[in-house]
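Engineer: Here it is, the structure, as structure tokens.
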Amino acid sequence: MGRSFRRIPVFIPQLGCRHACSYCNQAAITGVPQAPPPELIDRIVEQHLATFGTDVREAEIAFFGGTFTALPVALQGTYLRQAARYIRNGSPVRSLRFSTRPDDIDPAMLPVYQSYGVRTIELGAQSLHDDILEAVRRGHRRADVEKASADILNAGLRLGLQMMIGLPGDSLERSLDTARRFIALGATETRIYPTLIMEKTLLAEQYRAGLYKPLDLDEAVAWCAEILPLFEAAGVRILRVGLHPSEELVSGDGFLAGPFHPAFRALADSAIWGKIWRKEKFDGTASVEETANRNTTDAAPHPAGTPPQPVRRRERLKLWVPAGQVNSANGHRGENKRYLGTRFRKVSIYGDPTLSGREYRYELCF
């Protein structure tokens, strides 16, 4: 969504959670040591609303971090009533959402949530492989995710499914399989979190004992460069890739090891465009080496998915990508542009508001 939409997060770390997953230390991850009492919701929402410009036409209040549906029903209602008042008072708030566990969805409560203005429920699925879920003491199984997803969609709500990559027992293929299953379950949006090792967790003990090795940053970025295009092709909105850079994560307090980077999504997008540029021969069929010896004409612009035209190596390359993707197309610290610079005399990358997703066009000139 563009600048006209904003999400207002209210963190309730571990509130309602009856499980101790091996990787979980919510206070360190979110930077919020305890859940706010309901009366503080107004302050949180008002602080966010005060920062909105006139271009913000729609906002959503989101309860994150805990198991919302496992809270006492009275407390759920208190939180939702506090938030729902902003839907009716002329503010930009139009809807609510919350995150919860797949095994804590009661179908009978879904119409109640809708009556307060809840439009989306996110499930912390993490993986759809039962052995991985068991290894991290998640406390639910794939079947719970499947049932909860169906219940949410049947109630007319939007479904978000959150996944973690690099958990104990995970692999790239298994994460890709989880992503494909998310799509098949009907997820309308997703979040992807590389597994980080936080202090005061079982995973930290396993790491120190040599029983678990996290992905390094390059591995995690490479995995996401494979996973994100699956969701993009299926029309599943990717709300976040990588954890929000809380003070604890940035300072290192509470963070032990794993692929954390404050701009992780930008790294993943850069890697995706890097793969596209390396795959694109800019000549239709021949390799760069073969093209170097051809007597060919300049290429005309073409959108993604149409046959590219012949190219003379080392001529100037002009590329157009979606307007918001110029930095990613250039690559992290310009790495993608430097690669293209080994193939062409000069490379220029521009934004084009008529393009979207991973569309691009190019032309070659003297």
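Engineer: Whole number please: convex hull volume per residue of the Cα set in the range 124-195, in Å³?
Structural biologist: Working: hull volume 5.1 nm³, N = 72.
Taking only Cα atoms, the range 124-195 has a hull volume of 71 Å³ per residue.
Engineer: Give the accessible surface of the range 66-134 per residue, rounded to a whole number of Å², with probe radius 1.4 Å and ligands, DNA and RNA excluded.
Structural biologist: Working: 2430 Å² over 69 residues.
Per-residue value: 35 Å².
Engineer: Hey, another quick one. Given a 1.4 Å probe and the protein chains all in place, what does the accessible area of Tyr23 round to, in Å² to the nearest 10?
Structural biologist: Surface accessible to solvent at Tyr23 totals approximately 20 Å².
Engineer: How large is the accessible surface of Ser4 in square angstrom, using a 1.4 angstrom probe and rounding to the nearest 10?
Structural biologist: Around 40 Å² of this residue is reachable by solvent.
Engineer: Label Ala50 and Asn89 with points 7 Å out from Cα along Cα→Cβ: what is the distance between them in nm?
Structural biologist: 1.4 nm
Engineer: Less than 11 Å from a label point 7 Å out along the Cα-to-Cβ axis of Asp130: which backbone N atoms in the range 144-174 qualify, by residue?
Structural biologist: 144
Engineer: A further question follows. R0 = 22 Å: FRET efficiency of Ser171 with Arg18, Cβ-based, nearest 0.05?
Structural biologist: Values: r = 29 Å, r/R0 = 1.33.
For Ser171 and Arg18, the calculated efficiency is 0.15.
Engineer: Same structure again: Using alpha carbon centroids, what distance separates the range 199-226 and the range 252-273, in Å?
Structural biologist: Computed from Cα coordinates, the inter-centre distance equals 12 Å.
Engineer: If you count only protein heavy atoms with a 1.4 Å probe, what accessible area per residue comes out for the range 152-224, rounded to a whole Å²? Don't skip to the end; give the middle numbers.
Structural biologist: On the way: 3060 Å² over 73 residues.
About 42 Å² of surface per residue is accessible.
Engineer: While we're here: Nearest 0.05, what FRET efficiency do Glu39 and Val326 give at R0 = 41 Å with Cβ-Cβ as r? Present the calculation step by step, with values, prior to reporting the outcome.
Structural biologist: On the way: r = 45 Å, r/R0 = 1.09.
Plugging the Cβ-Cβ distance into 1/(1 + (r/R0)^6) gives 0.35.
Engineer: Label Lys147 and Lys279 with points 7 Å out from Cα along Cα→Cβ: what is the distance between them in nm?
Structural biologist: 3.9 nm
Engineer: Okay, moving on. Starting from the 7 Å offset along Cα-to-Cβ, what nm value, one decimal, do you get for the label separation of Ser4 and Glu335?
Structural biologist: If labels sit at Ser4 and Glu335, their model points lie 3.6 nm apart.
Engineer: Given the whole protein assembly as supplied and a 1.4 Å probe, what does the accessible area of Leu172 come to in Å², nearest 10?
Structural biologist: Around 50 Å² of this residue is reachable by solvent.
The values are calculated or read from the model by the stated rules, or taken from the named source; none is laboratory data. Predicted model only: the values in this text are computed from it and were never measured. Virtual Cβ from ideal backbone geometry, glycine too; neighbours counted across all protein chains shown. What goes into the accessible areas is simple: the full protein's heavy atoms, side chains included, and nothing from ligands, DNA or RNA. Shrake-Rupley method; radii C 1.70, N 1.55, O 1.52, S 1.80 Å.
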